[in-house]
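Student: This is the structure I have questions about; it appears just below.
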Number of protein chains: 2
Amino acid sequence: MSENIYSKTITSRRSFIEGLAAIGGISLALAGMDALGLGIESEYSTPPNISGGNGKKIVILGAGLAGLTAAYEMSKAGYDCKVIETRSFAGGRCQTARKGFKYTDLMGYSQTCEFDEGHYLNNGPWRIPYHHHSTLYYTKKFNVPLQLFNNDNDNSFVYFEGGTGPLAGKPLRKGKVAADVRGYTSEILAKASKSGALNLPFSAADKDRFIAYLIGEGWLNADTLSYEGTNGRGYEVDPGPGINPGPGIPSKPYAMSDLLGSKAWSVLQSVSDYEQQRVMFQPIGGMDQIAKGFVKNLGDLIQYSTSVKKIAQDANGVSVSWIDGNGVKGVTTADYCICTIPISVLNGIDLQVSPAFKEAMLKVAYAPVNKIGLQMSNRFWEDKYRIYGGHVYNDIPGIRTISLPSYGFQGEKGVLLGYYSFGGEAAKISAKSPADRAAFALEGGQKIFPEYKSSFENSFSFCWHLDKDNLGGWAVWSEEARKEAYPKLCDPDGRIYLAGEHLTYLGGWQAGAIESAWQQIEKIHKRVKA
Amino acid sequence: MSENIYSKTITSRRSFIEGLAAIGGISLALAGMDALGLGIESEYSTPPNISGGNGKKIVILGAGLAGLTAAYEMSKAGYDCKVIETRSFAGGRCQTARKGFKYTDLMGYSQTCEFDEGHYLNNGPWRIPYHHHSTLYYTKKFNVPLQLFNNDNDNSFVYFEGGTGPLAGKPLRKGKVAADVRGYTSEILAKASKSGALNLPFSAADKDRFIAYLIGEGWLNADTLSYEGTNGRGYEVDPGPGINPGPGIPSKPYAMSDLLGSKAWSVLQSVSDYEQQRVMFQPIGGMDQIAKGFVKNLGDLIQYSTSVKKIAQDANGVSVSWIDGNGVKGVTTADYCICTIPISVLNGIDLQVSPAFKEAMLKVAYAPVNKIGLQMSNRFWEDKYRIYGGHVYNDIPGIRTISLPSYGFQGEKGVLLGYYSFGGEAAKISAKSPADRAAFALEGGQKIFPEYKSSFENSFSFCWHLDKDNLGGWAVWSEEARKEAYPKLCDPDGRIYLAGEHLTYLGGWQAGAIESAWQQIEKIHKRVKA
């Protein structure tokens, strides 16, 4: 069990969050909601259909995807919107580092991205699931071209040092592991079913179908029901022309006990979990193309480089005090405020809400999250290892996921993701200097690819918990906080409405930010119209 | 077993070929080769390193990928090459129908492609595996930009009319089927392993790991070892913002006996077979970009629209008699001939080779293969069903595979592949007029997508067995022919060398054509240098 939970930790952020929130959290939360008499009615795939804002003033704090969505939809509906953004650009976590991107973190480390033209690192979100209708609604609306993101590559490596036996600590092709583990498993079950050793909960006809399924699933010898390897795991010598290499030489499967010892089986799943699919989307050229799509369609509503100092309200409206990049102070007043500032940051701002609301705000934690982009002088993972996109899952602490780019195939250079780590491991690595982070990433990757260090050119690293405007990658709710604090924060406090991924069950995803905004603007609109 | 073989028939062309050649053909062929003392030395990923052709004359028949490869590499090496091509364009089966593409088949049916700009149908090859080093060698060399091709989409449908029970004849999401069938299977095996009902060939420690693997693979409840569904199969109501929809509503798994009855399990495989991967490549804009890459780098060596009438040879050289599109006759002489004309067509040409060679030529069959592109006025499969690329496998005779485009995502229109069928089914459909083929395809697709017929705008269909210059999609070798006839045809007859996918174990793939050419030009070069 523990080994298995581990595999989900590294392959799924949702599971990571669930792990923190304790197993069963979601279903318990659901049960809790039922107990409260809260039904579930709808899911969101288009924005609320609102109009007639009649110039009511809305101040929106933060130009991340929640703020951009609110500003776009409410402006269109006739509201008078103003967005205050602390960064010098829009998008929030939807940001992309490319040549010239400058960044200083809370440790005081300054970096300027030196990637070659055409290469980039998505510091925040980097892939879009097909069922994030809301995100895809805007990529379609704003004509943001999408390309496929290879999220599960059977020809990529898995690498587990923590196993035992001859396969531990060796880069193994995921497809070979999948073919062999599932092949042997199908063999065991097919033989036991056939021999009658198992009492199957099926009719005799279903038993035959079940065995036929196992033969197909496991590429078994249909006569002997044995797994003897399969061409799907690759050849020792590839088939080719003439009589030499001609049919090629089949590869031999690994031994099952070696596979079980290796831990590599821990990456196998019947289907990807909900948040991931084998093939996902990425905007061509970087995730920030989505933010740019909003900005292009928004007009001049955003006041950049402006920090919010105080958010006050009374029976008639809200007033937001701020200071801009030149030290100029000001106050913006409005009828309502949509505050998308992460709660981690909002906790440090003078905010006029009820004590209960404030107390609820303290119940949400934020996840340490680390990423590093490593520019390589050549695409050795493609040229030598034939890995075109996908991830190298591994158990090297602080590394966990190495990801190969799903763009620029067969080009000269490439930027790969050198680590993607969460929690304590992320906190530890991020304490290093950018140069030391790169050195750490290179040590890890070198274990898997001998070409790693010698191909390295430059790096750009980003630690969300060290970002003063986010103080964490995404919100993490404990099961208890989901029940008590979360519903309170989903409701407005007076004229102040919170919005963002933190107020959804799509934590850390752009779809969460967008749909949260949709929900809150609908509430404001109803109130205005009431 | 029979059900299972069927699934491979529709999901794998290699299996289809192997099916025709009788089960075990490849391994038997390999055993046969070993018996003949033929070792296997190498696999091909780069062209032979040749130089010093010194103007020796080579006549190359056919400007498909085999002919183009031979012409490119031999010209570079100093040979004086001339290519004779029967079509008005280069590429052979590497061809793409787009607006204005005109075609008349052997039935006399003429079509002009009416797809909107930017949309196309690859009449022949349409996807590239990562291990086709030779094809990828040229896409890299000629800077042919590649994009990912979604070859296995869990969110796509499978549709089987031939099953029984409540799930038969219904479009089912492949991922739901995969999650449930593998989940229940893992449950059965995990419980039997835990209870000791099975004698596992493992140590106790391995047994624990095995159970941990099954929990992870099948998304089992770790306490009860039961499969209770998984979020990876999708939600009844998707999670979202606030408390409504909040955590969403999980979906309920299908019943195992319903799944077994449905036959949908027949599309499940531990890993894709060798020739397919979950994610593959396609050149951006159409497969013919590869042929165009060759042409751009080849200079003026190709004489188009010229049919070969006679291929003669003597001790000093070869002479090829031809007639061009204007009825002008001529003879081209050379030191050697590389003939890439499909043997199906070559059998009808006056060819001066030994009787044994001619007899061997009669031993290879060619596969009937059908494709149709259907332009739809909207991308309902994306907008409504959230299927972005991938295939809809089904058991509708003559349809079998409907494929959704992996380009132009979220655009207005789309061209989907309405059927991809082989053998007798293909022969039957192709006897219809183009309009009737479209009507047939629409009837089939309508069963799966209610929007199919009403969205249809125009079609373009291609039947390789009705193409006078190919007379079939690819070569099909019986096991016996592989042993006797095939090696003979791989050897030259005098000064005539055959080349093409038909002389490889990469039948029907561009890599076969390229690598066959590599092998034959190396033989010629050695002979010239001897």
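FYI, it's all coordinate maths here, none of it is from the lab. None of these values were measured; they are calculated from a predicted model. No Cβ is skipped: glycine too gets one built from the backbone with ideal geometry, and neighbour counts run over all protein chains shown.
Student: So what is the relative contact order for the range A:215-269, in percent, with contacts set as C-alpha pairs under 8 Å and at least six apart?
Tutor: Value for the range A:215-269: 23 percent.
Student: Could you tally the net charge around residue A:201, taking each other residue with its Cβ under 11 Å from the Cβ of residue A:201, Lys/Arg +1 and Asp/Glu -1?
Tutor: With Lys, Arg at +1 and Asp, Glu at -1, the neighbours total 0.
Student: Summing +1 for each Lys or Arg and -1 for each Asp or Glu, what net charge is found among the other residues whose Cβ lies under 13 Å from the Cβ of residue A:321?
Tutor: Value of the local net charge: +1.
Student: To the nearest 0.05, how large is the calculated FRET efficiency for residue A:530 and residue B:310 if R₀ is 56 Å and r is the Cβ-Cβ distance?
Tutor: The value I calculate is 0.05.
Student: Label-to-label distances across copies for residue A:530, with labels 7 Å out along Cα→Cβ, in nm, shortest first?
Tutor: Label-point separations across copies, in nm and ascending: 9.4.
Student: Can you pull the one-decimal nm distance between simple spin-label points at residue B:143 and residue A:112, each 7 Å off the Cα toward Cβ?
Tutor: Calculated label separation equals 2.9 nm.
Student: Could you tell me whether chain A comes out rounded, prolate or oblate from its Cα gyration tensor? Rule is a ≥ b ≥ c as square roots of the eigenvalues, rounded for a/c under 1.5, then prolate if a/b exceeds b/c, otherwise oblate.
Tutor: prolate
Student: Positive end of the charge dipole of the protein assembly as shown (Lys, Arg +1 and Asp, Glu -1 on Cβ, about the Cα centre): tell me which of A:189, A:226, B:405 has its Cα farthest that way.
Tutor: My answer, from the dipole projection, is B:405.
Student: Given Cβ point charges of +1 (Lys, Arg) and -1 (Asp, Glu) and nothing else, what value in debye, to the nearest 20, does the dipole of the range A:173-267 about its Cα centre take?
Tutor: The dipole magnitude comes to about 260 debye.
Student: Related question: Could you let me know the centre-to-centre spacing of the range A:198-244 and the range B:154-174, using Cα atoms, in angstrom?
Tutor: Each part reduced to its Cα centre gives a spacing of 22 Å.
Student: In addition: Shielding of B:122-130 by partners, i.e. mean partner chain Cβ atoms within 10 Å per residue?
Tutor: Mean number of neighbouring Cβ atoms from other chains: 1.
Student: Shifting gears a bit: Kindly rank B:148-161, A:318-331 from highest to lowest mean number of other beta carbons found within 10 Å of each residue.
Tutor: B:148-161, A:318-331
Student: Considering only the other residues whose Cβ falls under 9 Å of the Cβ of residue B:357, what net charge follows from Lys and Arg at +1 and Asp and Glu at -1?
Tutor: Neighbourhood net charge equals -1.
Student: Between the range B:482-520 and the range A:250-293, what is the separation of their alpha carbon centroids in Å?
Tutor: Taking the Cα centre of each part, the range B:482-520 and the range A:250-293 sit 37 Å apart.
Student: In nanometres, what is the gap between the two model label sites at residue B:46 and residue B:359, each 7 Å from Cα along Cα-to-Cβ?
Tutor: The modelled label-to-label distance comes out at 4.3 nm.
Student: Roughly how crowded by other chains is peptide B:383-390, in terms of the mean Cβ count from those chains within 10 Å of each of its Cβ atoms?
Tutor: 3
Student: A further question on this structure: Taking 25 Å as R0, compute the FRET efficiency from the Cβ-Cβ separation of residue A:347 and residue A:104 and round it to 0.05.
Tutor: 0.70
Student: Now for a separate question. Going through the cross-link list A:413/B:141; B:140/B:413; A:413/A:453; A:363/A:523; A:191/B:252; B:56/B:310, which pairs have a Cα-Cα distance over 19 Å in this structure?
Tutor: Correct reply: B:140/B:413; A:363/A:523; A:191/B:252; B:56/B:310.
Student: Rounded, prolate or oblate: which fits the protein assembly as shown, taking a ≥ b ≥ c as square roots of the Cα gyration tensor eigenvalues, rounded meaning a/c under 1.5, else prolate when a/b beats b/c?
Tutor: Since a/c reaches 1.5 and a/b is larger than b/c, the shape of the protein assembly as shown is classed as prolate.
Student: Relative contact order for chain A using alpha-carbon pairs under 8 Å, separation at least 6, rounded to a whole percent?
Tutor: 21
Student: Taking a label point 7 Å from Cα toward Cβ, how far is residue A:494 from its twins in the other copies, in nm, shortest first?
Tutor: 10.0
Student: Tell me the label-point distance for the pair residue B:300, residue B:199, using the 7 Å Cα-to-Cβ offset, in nm and rounded to one decimal.
Tutor: So the label points at residue B:300 and residue B:199 sit 7.9 nm apart.
Student: If you don't mind, another one. Just tell me, in residue order, which DSSP H segments of chain A are both 27 angstrom or longer along the helix axis (alpha-carbon based) and at least -1.0 in mean Kyte-Doolittle hydropathy.
Tutor: A:174-195, A:510-529
Student: Ranking request for peptides A:66-73, B:193-200: highest mean number of other beta-carbon atoms within 10 Å first, then the rest in descending order.
Tutor: Put in order of decreasing packing, that is A:66-73, B:193-200.
Student: How big is the dipole moment of the range A:60-107 about its Cα centre under a simple scheme where the beta carbon of each Lys and Arg is +1, that of each Asp and Glu is -1, and everything else is neutral? Debye, nearest 20, please.
Tutor: 280
Student: At what distance in angstrom do the alpha carbon centres of the range B:444-477 and the range A:319-393 lie from each other?
Tutor: That distance is 50 Å.
Student: Farthest toward the dipole's positive end in the range A:413-494, which of A:463, A:423, A:435, given Cβ charges of +1 (Lys, Arg) and -1 (Asp, Glu) about the Cα centre?
Tutor: Farthest towards the positive pole: A:435.
Student: Another question, if that's okay. Partner chain Cβ atoms within 10 Å, averaged over the residues of A:226-235 - can you pull that number for me?
Tutor: For peptide A:226-235, the averaged partner shielding equals 4.
Student: So, with +1 on the Cβ of K and R and -1 on the Cβ of D and E, and no other charges, what is the size of the charge dipole of chain A about its Cα centre, to the nearest 20 debye?
Tutor: That gives chain A a dipole magnitude of about 720 debye.
Student: Could you grab the relative contact order for the range A:173-267? Cα pairs under 8 Å, six or more apart, rounded to a whole percent.
Tutor: Rounded, it is 31 percent for the range A:173-267.
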